[in-house]
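Some notes on the structure that comes next.
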Amino acid sequence: MTQVLQILVLDDEPIVGKRLKPALEKSGCLVETFQDPRQALARIEEKEFDIVVTDIKMDDIDGIQVLEQVAKKSPRTKVIIITGYAMMSLAREAMDKGAFDFIAKPFKPDDLRAVIAKAAQALGSSVDLMATSA
Amino acid sequence: MPIVIISSPDEETRRLLAQNLARKMACPSVSREEVVEQATEAGIPVAKMEMAVLKRSTPRERLARHKARLMAFITASVCQRASQGDMVYHGRACHMLLKRVGHVIRVQVVPDPEVRLQRVIRDMKVTREKAEGYIKALDSDIAAWVSFAHGVEASNSSHYDLTINLEHMSLESASAVIYQMALMPEFQRTIASDRAMNDLWLAAQARDLLGRDERTGAADLNVTATEGRVTVTYMPSQGKFAEAIPVVLASLSGAREIVSTMASSNILWVAEAFDPRSQTFTEILDVAQRWGAGVEMLRLLPPAADPAQCPPAQASLPEEGAPIPKSQDQTCGIEDDSEAPAASLDTDLAGAREELIHRGRFGGSQVARGLGPEVVQALNPNQEYALVVIGDLFQSKEPSVRTRLTREMAGYLSERIKPPVITGDTLQDKFLFGKRQMGRLGLLLASVVVIYVLTMTNQEPLLRFFGGHDGGTFMRVLAVLVLAMVVPAVAYLYGGATGLILKWLKFE
């Protein structure tokens, strides 16, 4: 795999992408952000990302559907789910369907970096996100 | 009609049953999920708590304050709706919410496993095997949540008034059974049950208000209400919140009086590791609750060969502010990174600290390395300690050496500090009443009774003997000697029995 992590961030709240993109790019990742799940899924069809970070609760397509789509298209891609609401059953379903990890709001970019670093490690990447963010 | 509370791990089953019953009772049906969503909107990080439970790995003591806020929010919300009339409420373990209220029927519903399985296969589009695995894992997650939120096992049937197994019963029949029960006189509203609910509601509202306000949001408070009198107790280490408490609660309606009081003293518990499931923890908590005291934990590590390895003397729980309602949160849950690295929390303190916060008895925590002198140094000079308990120390040593060193430590401290110092294994004997004390009380009482009976039935010879009428000088001297020995022995037996009875009755 490439040394630069390719990350897709999907959240229907624009502020999430706006805040996460610079924070992750500072750590040396290439980040694409989406608010519309359909556009994000179309992009996932075109390009293989290392990591997909997606909100679980969105209007048309939810995070579970995104997870299923990613698993079908690129089984090696790690999917990290963001949730702001209490959804234990959905979280368990996502775990069972292969989500790499969950991160609950509110969180700091550093918390997400730590999860992404774990995902990168699982992918065999030697990128040290925590070091580059400092 | 009473309030009906339905608990089940299966959301769909409890929702359908609650809706069916609500139609019969002509009242609204409210779900835990609705109330929890409102709590999330109010800024309580419920998802964070659930994830912590789901992963079973995050240090959960950070979430203890959020948990207190969530429980207060849910209780206040349920009480508020229940005050407007009948209601059916359903959730995972909601039977723990209105524990002392008489006009509540607590129903445990065991879902039909096959119906549940088929629904998961259909909804998740998975195989039967995967669906079984999912249900098993989800039930385990829910059990962990119930344990975290309420400190009980969801399956403990003693918390319910009725358990219904839907494997051989339709939802309609189950609903009819609950409806018939709701008509029984035992579950009707009374003045006392209404008063109990109003007190619970008032206390929950007060806790919720204090949790929302930035001036008191980071405080660990114990809030109770009795007949409209709200009492807020804070630990001595949190005296800085004292002024803000009455100001924040000024807007609380329905309170007859608001009393803000500091726990009078702290119990210092010195140990190497703190296990909230240990006997010592239970006993210390019991004593603290009876005395209205806080429990301060001092984790004492063995002296380091290299002084640079010493941990910071103070490792208090980081304070987080009040939750920000979602409507006012401009960050959509993405906070700024901290400038400084997060303070590392001592995981050996974590579980006990969480439990103490939950019980409103957390009086602070410290970590120190060393022996007796370091314990003396760690005592807060501005703090009145009621008791110092030496728990498990010197854990790397042999048991006999450990016992000797622990006693030496207790002796060293007793000579140098004012509060009484005892070891954890003597706590029960000195301050609590258990099985051993019951046995001792029986023995002492039996001895006292035997002595009294013998005395009453042998008054004449005893008077002759103690009066010195039966003999010469030798007998008189003997009578004095016997009297000198018997009186203290009787006083010891009588005093011991009385002391234990008072301890049993919690008069100290």
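Please treat every number below as a calculation from the coordinates, not as lab data. Here the structure is a predicted model, which is why all the values come from computation and not from measurement. Methodologically, a virtual Cβ is constructed for each residue, glycine included, from the backbone with ideal geometry; neighbour enumeration extends over all protein chains shown.
What does the charge count near A:Asp55 come to, summing +1 for each Lys or Arg and -1 for each Asp or Glu among other residues with Cβ under 11 Å from its Cβ?
Value of the local net charge: -3.
Counting only other residues whose beta carbon sits under 15 Å from that of B:Gln19, what net charge do I get with K and R as +1, D and E as -1?
Values: positive: B:Arg14, B:Arg15, B:Arg23, B:Lys24, B:Arg32; negative: B:Asp10, B:Glu11, B:Glu12, B:Glu33, B:Glu34, B:Asp86, B:Glu172.
Here the count lands on -2.
For a quick check, take a GNM of chain A with Cα springs below 10 Å and name the residue from A:Gly124, A:Gly63, A:Gly17 with the largest mean-square fluctuation.
Checking each option, the largest mean-square fluctuation is seen for A:Gly124.
Within a 10 angstrom radius of the beta carbon, how do B:Lys435, B:Lys99 rank from fewest other beta carbons to most?
In order of increasing Cβ crowding within 10 Å: B:Lys435, B:Lys99.
Run the simple label-point estimate for B:Met124 and B:Glu34 please: 7 Å along Cα→C-beta, distance reported in nm.
Rounded to a tenth, the inter-label distance reads 2.8 nm.
Can you compute the helix-only [θ] at 222 nm over the protein assembly as shown? Use -39500 (n - 2.57) per DSSP H run of at least 4 residues, normalise by all residues, nearest 500 deg cm²/dmol.
Result for the protein assembly as shown: -15500 deg cm²/dmol, rounded to the nearest 500.
So what is the relative contact order for the range B:68-174, in percent, with contacts set as C-alpha pairs under 8 Å and at least six apart? Write down the numbers at each step before the final one.
On the way: 71 pairs, mean separation 38.1, N = 107.
Relative contact order here is 36 percent.
Sort largest first and round to whole Å: the equivalent ellipsoid semi-axes of chain B, each the square root of five times a Cα gyration tensor eigenvalue.
Square roots of five times the eigenvalues give 50, 34, 24 Å.
Just to check I understand the Karplus step: with θ = phi - 60° and J = 6.51 cos²θ - 1.76 cosθ + 1.60, what whole-Hz values come out for the range B:276-284, glycine and proline as x?
Running phi through 6.51 cos²θ - 1.76 cosθ + 1.60 with θ = phi - 60° gives x, 9, 7, 4, 4, 4, 4, 5, 4 Hz.
Per the Cauchy relation, a quarter of the hull surface: what is the mean projected area of the convex hull of the alpha carbons in the range A:6-133, in nm²?
Numbers: hull surface 27.2 nm².
Over all viewing directions, the range A:6-133 projects a mean Cα-hull area of 6.8 nm².
Over every pair of different alpha-carbon atoms in the range B:194-262, take the mean of 1/r and invert it; report that Kirkwood radius in Å.
Result for the range B:194-262, one decimal place: 11.7 Å.
Out of the range B:198-274, which trypsin sites (Lys or Arg not before Pro) are coil in DSSP terms and have no more than 16 other C-beta atoms within 10 Å? Intermediate values should be presented prior to the final figure.
Numbers: sites: B:Arg207, B:Arg212, B:Arg215, B:Arg229, B:Lys240, B:Arg256; in loops: B:Arg215, B:Arg256.
Listed in order of number, the matching sites are B:Arg215, B:Arg256.
When every alpha-carbon pair in the range B:435-504 is counted, what percent end up more than 19 Å apart? Before the final figure, lay out each step's value.
Details: 1111 of 2415 pairs.
The proportion of pairs with Cα distances above 19 Å equals 46 percent.
Over the residues of the range B:3-189, compute the C-alpha Rg and express it relative to 2.2 N^0.38 Å.
1.03
In a Gaussian network model over chain A where Cα atoms closer than 10 Å are linked, find which of A:Ile81, A:Ile103, A:Ile56 has the largest mean-square fluctuation.
Taking springs between Cα atoms under 10 Å, the residue moving most is A:Ile103.
Which ordering of B:Thr163, B:Thr233, B:Thr457 is given by a fewest-first count of other beta-carbon atoms within 10 Å?
B:Thr457, B:Thr163, B:Thr233
Each residue of the range A:41-56 in order: what ³J(HN,Hα) in whole Hz does its phi give by Karplus 6.51 cos²θ - 1.76 cosθ + 1.60, θ = phi - 60°, with x for Gly and Pro?
Couplings: 5, 4, 5, 5, 5, 7, 10, 8, 8, 6, 9, 10, 10, 10, 6, 8 Hz.
Among A:Gly84, A:Ala120, A:Leu10, which residue has its Cα positioned farthest towards the positive end of the charge dipole of the range A:6-133, with +1 placed on the Cβ of Lys and Arg, -1 on the Cβ of Asp and Glu, and the dipole taken about the Cα centre?
Of the listed residues, the answer is A:Ala120.
Quick one: putting +1 on the C-beta of Lys and Arg, -1 on the C-beta of Asp and Glu, what dipole do you get for the protein assembly as shown around its Cα centre, in Debye to the nearest 20?
I would put it at about 1400 debye.
What order do you get for A:Thr83, B:Thr280, B:Thr231, B:Thr261 when you list them from fewest to most C-beta neighbours inside 10 Å?
Ascending number of Cβ neighbours within 10 Å: B:Thr261, B:Thr231, B:Thr280, A:Thr83.
Hey, in the GNM for chain A with a 10 angstrom Cα cutoff, which one of A:Val52, A:Val79, A:Val70 fluctuates hardest?
Of A:Val52, A:Val79, A:Val70, the Gaussian network model singles out A:Val70 as fluctuating most.
In the range B:1-83, which trypsin sites (Lys or Arg not before Pro) fall in coil by DSSP and have 16 or fewer other Cβ atoms within 10 Å?
Values: sites: B:Arg14, B:Arg15, B:Arg23, B:Lys24, B:Arg32, B:Lys48, B:Lys55, B:Arg56, B:Arg60, B:Arg62, B:Arg65, B:Lys67, B:Arg69, B:Arg81; in loops: B:Arg56.
Answer in residue order: B:Arg56.
Mind listing which GluC sites (Glu not before Pro) in the range B:114-220 are in a DSSP loop and have 16 or fewer other Cβ atoms within 10 Å?
B:Glu153, B:Glu214
Would you mind giving the three semi-axes, in whole Å and largest first, of the ellipsoid equivalent to the protein assembly as shown according to its Cα gyration tensor?
55, 34, 23
Taking the Cα centre of the range B:435-504 as origin, work out the dipole magnitude from +1 charges on Lys and Arg Cβ and -1 charges on Asp and Glu Cβ, in debye rounded to 20. Before the final figure, lay out the partial values.
Values: 6 positive and 2 negative charges, 88 e Å.
With Lys and Arg at +1 and Asp and Glu at -1, about 420 debye.
Please list, or write none, the lysines whose alpha carbon is within less than 24 Å of the alpha carbon of B:Lys240, excluding same-chain residues fewer than 8 places away.
B:Lys67
At 25 °C and 0.890 mPa s, grab the translational diffusion coefficient of the range B:31-90 from Stokes-Einstein with a Kirkwood Rh over Cα pairs, rounded to a whole number in µm² per second.
198
Could you go through the range B:44-55 in sequence order and give the Karplus-derived ³J(HN,Hα) for each residue, using 6.51 cos²θ - 1.76 cosθ + 1.60 with θ = phi - 60°, rounded to whole Hz, and x for Gly and Pro?
With the stated coefficients, the range B:44-55 comes to 7, x, 5, 4, 5, 5, 5, 5, 4, 6, 4, 7 Hz.
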